[in-house]
Every structure is written in structure tokens, then in C-alpha cells.
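Peer 1: Please find one structure pasted underneath; my questions will follow.
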Amino acid sequence: MTDLICIGAVAGSFGVRGEVRLKSFCAVPEDIESYSPLKSEDGSQSFSVSLTRVTNNGFVAILGGIDTKEQADAIKGLRLFAPRDTLPHLPDDEYYYTDLTGLEVFDTGGTRLGQVKSVENHGAGDLLEIHGPGLKDTVLLPFTQAAVPTVDLEQGRIIADPPDGLF
């Protein structure tokens, strides 16, 4: 498990004074401000975060050290991370996406199906993107109790009961 968890991303600049459009990946979106300062993925940069207003699909925010539109434009796409120990402890049946990525996936009979490449959410629920040597294309497995009855982080595996015909 990684020590940094991605909780947001810079979607672009807003205005001419260095404000940015900020996407929050937090369960309560405005909580992103409370985890400030946030870091870049490699930990080399750190930004204080101050939300100024709500906008379509996120917030307008001031990031410490970003004072001009050009600086804000330069960090478009930057993913922002918080240390795991500052985030809430999750119940046993909830997971941070980063904890699922890389897990091996097996069916209920023990056959290896592949490995979790990423976790996607396009609005209708979480999907595990599974890839592996026996798969022609990646497979999107619904991350539901019915399709994924067991997640074993200690063993680094998922036991899946995929819908018929998915694999």
C-alpha cells in the first residue's frame, strides 16, 4: 500500500490571478481543503489549498505558490495527493482505489482471470479494469458485492464471481 493517496487534480486555470479549477475525488468533495497541504505524486511539490467557490464539476481554488495564470496553466492535469495517515480510516468493505490497483483477480473456482489495472467510475458505479495474458482486451468488472464478493488486501487478491460471458 502506498503512503500517498490521490484525492484531487488540477483541471486548469481560472481567471488571470493564478486560481485553478480543482477536481476533488473525496467522498465529501469540499473535504479536499482540510487535507492541505497536498503533494505532487513524487512528493517534490507541496501546495496549500484554499477553496474560493464551487464551479461545474469541482471548485475554484488558490494553491500556495501559484500566483499567475501562466503558473496555473503549467500545472493543468497535476494530480494532488494526501498522506494516507491524514485520511479517514475506511470500514472493512470500503477501499481506496490505489489499494485495489495491482491486485490479482481469481474466479470462485481459483482460476486466475487477470490483474486490476485501474479502477474507473463513469457515474454508474465503480468498475475494475482487468488485464492479463489470457485476455484479448481489458475487461471492466463491476465492483459490486455480487461480482466481487471477496477483497483480500493481505493476500493481494480479489475473488470475483463475474457475470456470465464477461471473461
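The values are calculated or read from the model by the stated rules, or taken from the named source; none is laboratory data. Just so you know, these numbers come straight off a predicted model, no measurement behind them. Positions of Cβ are backbone-derived with ideal geometry, glycine not excepted, and every protein chain shown enters the neighbour counts. Side chains included, ligands, DNA and RNA excluded: accessible areas come from the protein's heavy atoms. Shrake-Rupley method; radii C 1.70, N 1.55, O 1.52, S 1.80 Å.
Peer 1: May I ask you to list the residues in region 112-129 that are touching a Phe, Trp or Tyr at 6+ places or on another chain (Cβ under 9 Å) and of a type outside the set (Asp, Glu)?
Peer 2: Within region 112-129, Arg112, Leu113, Gly114, Ser118, Val119, Asn121, Gly125, Leu127, Leu128 meet the criteria.
Peer 1: Continuing with this model, one more query. Checking Gly65 against (1) of a type in the set (Gly, Ala, Ser); (2) under 17 Å from the mean Cα position of the chain (by Cα); (3) open to solvent by 40 Å² or more (accessible area, probe 1.4 Å), which test does it fail?
Peer 2: (2) is the only condition that Gly65 fails.
Peer 1: Among the residues of region 39-55, write down those that are among the polar types (S, T, N, Q) and under 15 Å from Ser13 (Cβ atoms).
Peer 2: Of everything in region 39-55, those that are among the polar types (S, T, N, Q) and under 15 Å from Ser13 (Cβ atoms) turn out to be Thr52, Thr55.
Peer 1: State which residue is nearest to Asp99 (Cα to Cα) when the search covers only region 126-149 and only residues that are open to solvent by less than 30 Å² (accessible area, probe 1.4 Å) and in a loop (DSSP other than H, G, I, E, B).
Peer 2: Looking at the filtered set, the residue picked out is Val148.
Peer 1: What pairs come up if the first residue lies in region 74-95 and is touching a residue at least 60 places away in the same chain (Cβ under 8 Å) and of a type in the set (A, V, I, L, M, F, W, C), the second is open to solvent by 100 Å² or more (accessible area, probe 1.4 Å) and outside any strand (DSSP E or B), and their beta carbons are under 8 Å apart, counting only those six or more places apart or on different chains?
Peer 2: Filtered contacts from region 74-95: Phe81/Glu41.
Peer 1: Also: Would you mention how many residues in region 150-161 are without any contact (Cβ under 8 Å) to a residue 24 or more places away in the chain, in a loop (DSSP other than H, G, I, E, B) and in contact with a strand residue (DSSP E or B) (Cβ under 9 Å, 6 or more places away or on another chain)? Spell out the reasoning first.
Peer 2: In the first step, residues of region 150-161 are kept if they are without any contact (Cβ under 8 Å) to a residue 24 or more places away in the chain; the result is 150, 152, 154-155.
Keeping just the survivors that are in a loop (DSSP other than H, G, I, E, B) gives 154-155.
In the following step, the residues that additionally are in contact with a strand residue (DSSP E or B) (Cβ under 9 Å, 6 or more places away or on another chain) were identified as 155.
The total comes to 1.
Peer 1: Can you tell me how many residues in region 1-44 are open to solvent by less than 70 Å² (accessible area, probe 1.4 Å), without any contact (Cβ under 8 Å) to a residue 24 or more places away in the chain and hydrophobic (A, V, I, L, M, F, W, C)?
Peer 2: Here the count works out to 2.
Peer 1: For a quick check of your reading: which strands (runs of 3 or more DSSP E) sit entirely within region 1-92 and have at least 2 residues that are of a type in the set (Ser, Thr, Tyr) and over 30 Å from Glu154 (Cβ atoms)? Let's see the steps before the verdict.
Peer 2: Working: elements: 4-14, 19-24, 49-55, 58-63, 79-83.
Once the strands (runs of 3 or more DSSP E) in region 1-92 are filtered for at least 2 residues that are of a type in the set (Ser, Thr, Tyr) and over 30 Å from Glu154 (Cβ atoms), what remains is 49-55.
Peer 1: For region 124-140, check the following and say yes or no: at least one residue is among the basic types (Lys, Arg) and in contact with a strand residue (DSSP E or B) (Cβ under 6 Å, 6 or more places away or on another chain).
Peer 2: First pass over region 124-140, keeping only residues among the basic types (Lys, Arg): 136.
Next, from what is left, pick out any that are in contact with a strand residue (DSSP E or B) (Cβ under 6 Å, 6 or more places away or on another chain): none.
No, every residue in region 124-140 fails to be among the basic types (Lys, Arg) and in contact with a strand residue (DSSP E or B) (Cβ under 6 Å, 6 or more places away or on another chain).
Peer 1: Would you be able to tell me the number of residues in region 76-129 that are assigned by the TED database to the domain that holds Ser24 and small (Gly, Ala, Ser)?
Peer 2: 2
Peer 1: Between a first residue in region 59-73 that is in the same structural domain as Ile32 (by the TED database) and a second residue that is assigned to a helix (DSSP H, G or I), which pairs have beta carbons less than 7 Å apart while being 6 or more apart in sequence or on different chains?
Peer 2: Ile66/Ala72
Peer 1: Quick one: is Glu94 farther than 21 Å from Leu128 by Cα and open to solvent by 30 Å² or more (accessible area, probe 1.4 Å)? Outline the logic, then answer.
Peer 2: On the way: farther than 21 Å from Leu128 by Cα: no; open to solvent by 30 Å² or more (accessible area, probe 1.4 Å): yes.
Criteria not met by Glu94.
Peer 1: Quick test for you: out of Val119, Val105, pick the one residue that is open to solvent by less than 70 Å² (accessible area, probe 1.4 Å) and under 13 Å from the mean Cα position of the chain (by Cα). Full working, then the answer.
Peer 2: Values: Val105 fails: under 13 Å from the mean Cα position of the chain (by Cα).
None of the others qualify; the one that does is Val119.
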